[in-house]
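Please read the structure below before turning to the comments.
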Amino acid sequence: MDDAVRLDSLTKTYGSGEGAVSALRELSLSFPRGGFTAIMGPSGSGKSTLLQCAAGLDRPTSGRVLINGQDLSGLDETRLTELRRDVTGFIFQSFNLLPSLTAEQNVALPMRLAGRKPPRGAVRQALAQVGLEKKAGSRPSQLSGGQQQRVAIARALVSRPAVLFGDEPTGALDLSTGRELLATLRALAGPASADSGDGPVTTTVVIVTHDPNVAAYADRVVFLADGRLVGELLQPTAEAVATRMTYLAVSQ
Ligand SMILES: Nc1ncnc2c1ncn2[C@@H]1O[C@H](COP(=O)(O)OP(=O)(O)O)[C@@H](O)[C@H]1O
Ligand SMILES: [Mg+2]
């Protein structure tokens, strides 16, 4: 099995002594290449912590994170920064766009900040991937919430990352806008289309959500409770996810 990300006995403890909080407890989990996985669980179950450790934004207390087979614990801060720039993409509930920049400039910004000129056409291509090729010159205030989040996705895609992580990426969107965004994410997961330029990249998508309707767009849902993996559903329906969540809430 080809895994884009492997989490191996991941433990994350915040603080120490009396006030220590165990956010993840020896959690092992893999995200297969090209898959679209949703992570669910009650509030405080460790979803955001898991995503941040998996994306190299935070370091686990113990255990290993492997991305494309590479163990992140062996990387110093410089290499980790490069990995976040080149191998992973991250989108948040808030879009974090700069209001004074156009969509195109926002998408190009991370590369420019890294002192690199975005490859010719890469920015346009990323915008096209999220259906915004006609909005390249628009500023965030001229775009709807869903369009702003798609600019944020394009910004995460411009480096052609192997894995795209999203923490409640539809949390700030209304239902129909959220659905459009999910269809975009689902279309992104899997092998790149043939016309995508410099060689195929198979994108793996991993999102956190608390909404069963959102999770139903994924091809797999994993459930966390109290920092542990407690279940999994393949080809989930919203009903099956909702039932499982109710059970988790009761059994806590
Ligand atoms: N920076 C932090 N410092 C201390 N405790 C934290 C921190 N971040 C998260 N926690 C705690 O870790 C646990 C898991 O949090 P989190 O990963 O945010 O859960 P979720 O995203 O599922 O709501 C919670 O008990 C939370 O209060
Ligand atoms: Mg969270």
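The values are calculated or read from the model by the stated rules, or taken from the named source; none is laboratory data. Because the structure is predicted, anything quoted here is derived from the model rather than measured. Backbone-built Cβ (ideal geometry, glycine too); neighbour counts: all protein chains shown.
Candidates in the stretch 1-36 are the residues that are among the hydroxyl-bearing types (Ser, Thr, Tyr) and over 14 Å from residue 206 (Cβ atoms); of these, the one that is nearest to ligand 1 (Cβ to nearest atom) is 14. Here residue 90 meets the list (1) within 16 Å of ligand 2 (Cβ to nearest atom); (2) assigned to a loop (DSSP other than H, G, I, E, B); (3) within 23 Å of residue 201 (Cβ to Cβ) almost entirely, failing just condition (2).
Output yes when any residue across the stretch 20-33 is over 26 Å from residue 171 (Cβ atoms), touching a Phe, Trp or Tyr at 6+ places or on another chain (Cβ under 8 Å) and not in a strand (DSSP E or B), and no when none is. The answer is yes, given that some residue of the stretch 20-33 is over 26 Å from residue 171 (Cβ atoms), touching a Phe, Trp or Tyr at 6+ places or on another chain (Cβ under 8 Å) and not in a strand (DSSP E or B).
What's the total number of residues in the stretch 204-226 that are of a type in the set (Ser, Thr, Tyr), under 16 Å from residue 171 (Cβ atoms) and touching a Lys or Arg at 6+ places or on another chain (Cβ under 7 Å)?
Within the stretch 204-226, the subset of a type in the set (Ser, Thr, Tyr) is 204, 209, 217.
With under 16 Å from residue 171 (Cβ atoms) added as a condition, the list becomes 209, 217.
Adding the requirement that they be touching a Lys or Arg at 6+ places or on another chain (Cβ under 7 Å) leaves 217.
Count: 1.
Evaluation of residue 9 against the conditions (1) in a loop (DSSP other than H, G, I, E, B); (2) on the phi > 0 side of the Ramachandran plot shows that the sole unmet condition is (1).
Residues checked against (1) of a type in the set (A, V, I, L, M); (2) surrounded by fewer than 23 Cβ atoms within 10 Å (Cβ to Cβ); (3) modelled with pLDDT of 95 or more:
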site	(1), (2), (3)
182	yes, no, no
187	yes, yes, no
191	no, yes, no
198	no, yes, no
203	no, no, no
206	yes, no, yes
210	no, yes, no
229	yes, yes, yes
249	yes, yes, no
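I'd like to know if the stretch 182-201 contains one or more residues that are polar (S, T, N, Q), without any contact (Cβ under 8 Å) to a residue 24 or more places away in the chain and under 22 Å from residue 33 (Cβ atoms). Yes. Put simply, of 79, 64, 84 the only residue that is away from ligand 2 (no atom under 16 Å from the Cβ), free of Cβ contacts under 8 Å to residues at least 12 places away in the same chain and either under 13 Å from the mean Cα position of the chain (by Cα) or surrounded by fewer than 17 Cβ atoms within 10 Å (Cβ to Cβ) (or both) is 79.
You will find that of 150, 116, 155, 160, the residue that is over 16 Å from the mean Cα position of the chain (by Cα) and of a type in the set (Lys, Arg) is 116 and no other.
Can you tell me which residue is farthest from ligand 1 (Cβ to nearest atom) among those in the stretch 41-61 that are touching a Leu at 6+ places or on another chain (Cβ under 7 Å) and over 17 Å from residue 163 (Cα atoms)? Per the stated criteria, the residue is 60. The stretch 124-219 holds helices (runs of 4 or more DSSP H) entirely within its bounds, and those carrying 1 or more residues that are over 27 Å from residue 30 (Cα atoms) map to 145-157, 175-188.
Checking 57, 98, 51 one by one, the residue that is part of a loop (DSSP other than H, G, I, E, B), within 13 Å of the chain's Cα centre (by Cα) and surrounded by fewer than 22 Cβ atoms within 10 Å (Cβ to Cβ) is 57 and no other.
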